[in-house]
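Accompanying notes for the structure given below.
The values are calculated or read from the model by the stated rules, or taken from the named source; none is laboratory data. Just so we're clear, the structure is a prediction, and the values are computed from it rather than from any experiment. No Cβ is skipped: glycine too gets one built from the backbone with ideal geometry, and neighbour counts run over all protein chains shown.
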């Protein structure tokens, strides 16, 4: 179970374990995130296989290009997952049965959705905005020297709100869906396994359950992610303009642009995230417990 589900884990340990998990997951899966963002910004360019997109960028722009914006995402993911795990644990406690420390599937999903709003506002939207702007800039003007320079430039040109919170609505909707589906389905699956006497404490089980939750999450929230990416490119673009542009280019299916790339990442990310969180929590408990 994620940290704190038994009501006895220290919020500080949950915060640290969640941060570690977020950093590990982002570093391991970033090339897929880069490929997905490129496809959502510029189309498939005849390539739908995420590995081929990664290979094409590496061949034409160098391996370093695949990690453009990675530092912004790692910092954001550390903060996002630290906040997300702690907030989810705290919010879910309000719903769960005080005797069994369990909640219904609907309650777990509701707790996840509320957590998504907190995470999007505090961490996710600003970090996603900078990451996307850096990836966009690497393909176009190549004027941003670093994440800090990107923030300073956008702040000066577009103001603090648009610089850091472009695409806030769609990012928040994505996070509500993502956190609700991922944490809710993961928690519901583990509760079901426990109820049927299935061993769920090993790293393999955590990875499999997290990957399953990641798959559901991707398919359900992809349209929000596609619009969010378009809205967070380096130049200022309004959300509804992005919706119209995507529909004009590819019709309804355009809102699922980059699904294969994102699915490749989130299946692994879901497994890595929950496994890293649980292993980090066990280590921290053994040291500080």
- Item | Subset of the range 243-264 (residues that are within 16 Å of residue 25 (Cα to Cα) and surrounded by fewer than 24 Cβ atoms within 10 Å (Cβ to Cβ)) | 263, 264
- Message: Could you go through the range 44-53 and let me know if any residue there is under 24 Å from residue 275 (Cβ atoms), crowded, with 19+ Cβ neighbours inside 10 Å and modelled with pLDDT under 80.
- Response: yes
- Message: Just to check your reading of the model, which residue among 167, 177 is under 19 Å from residue 89 (Cα atoms), buried (at least 21 other Cβ atoms within 10 Å of the Cβ) and touching a helix residue (DSSP H, G or I) at 6+ places or on another chain (Cβ under 9 Å)?
- Response: 177
- Within the group 224, 212, which residue is in a helix (DSSP H, G or I) and buried (at least 21 other Cβ atoms within 10 Å of the Cβ)? 224
- Message: Can you find a residue that is modelled with pLDDT of 80 or more and surrounded by fewer than 16 Cβ atoms within 10 Å (Cβ to Cβ) anywhere in the range 17-24?
- Response: no
- Task: Just give me the residues in the range 104-120 being without any contact (Cβ under 8 Å) to a residue 60 or more places away in the chain and crowded, with 22+ Cβ neighbours inside 10 Å, in sequence order.
- Result: 120
- Query: Residue check, residue 218 against (1) buried (at least 16 other Cβ atoms within 10 Å of the Cβ); (2) more than 23 Å from residue 32 (Cβ to Cβ), all met but one. Which one?
  - Reply: (2)
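Only one of 269, 276 is modelled with pLDDT of 80 or more, under 17 Å from residue 73 (Cβ atoms) and surrounded by 23 or more Cβ atoms within 10 Å (Cβ to Cβ). Can you tell me which?
Working: 269 fails: modelled with pLDDT of 80 or more.
Checking each option against the conditions leaves just 276.
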- Restricted to the range 236-279, and to residues that are part of a loop (DSSP other than H, G, I, E, B), touching a residue at least 40 places away in the same chain (Cβ under 8 Å) and more than 16 Å from the chain's Cα centre (by Cα), which residue is nearest to residue 209 (Cα to Cα)? 257
- Only one of 123, 151 that is surrounded by fewer than 24 Cβ atoms within 10 Å (Cβ to Cβ) and over 19 Å from the mean Cα position of the chain (by Cα): 151
- Could you grab me the full set of residues in the range 84-101 that are touching a helix residue (DSSP H, G or I) at 6+ places or on another chain (Cβ under 6 Å) and either under 20 Å from residue 192 (Cα atoms) or surrounded by fewer than 22 Cβ atoms within 10 Å (Cβ to Cβ) (or both)? 88, 89, 91, 92, 95
- Counting only residues that are at pLDDT 90 or above, give me the helices (runs of 4 or more DSSP H) lying completely in the range 99-180 with at least 3 of them. 125-139, 147-165
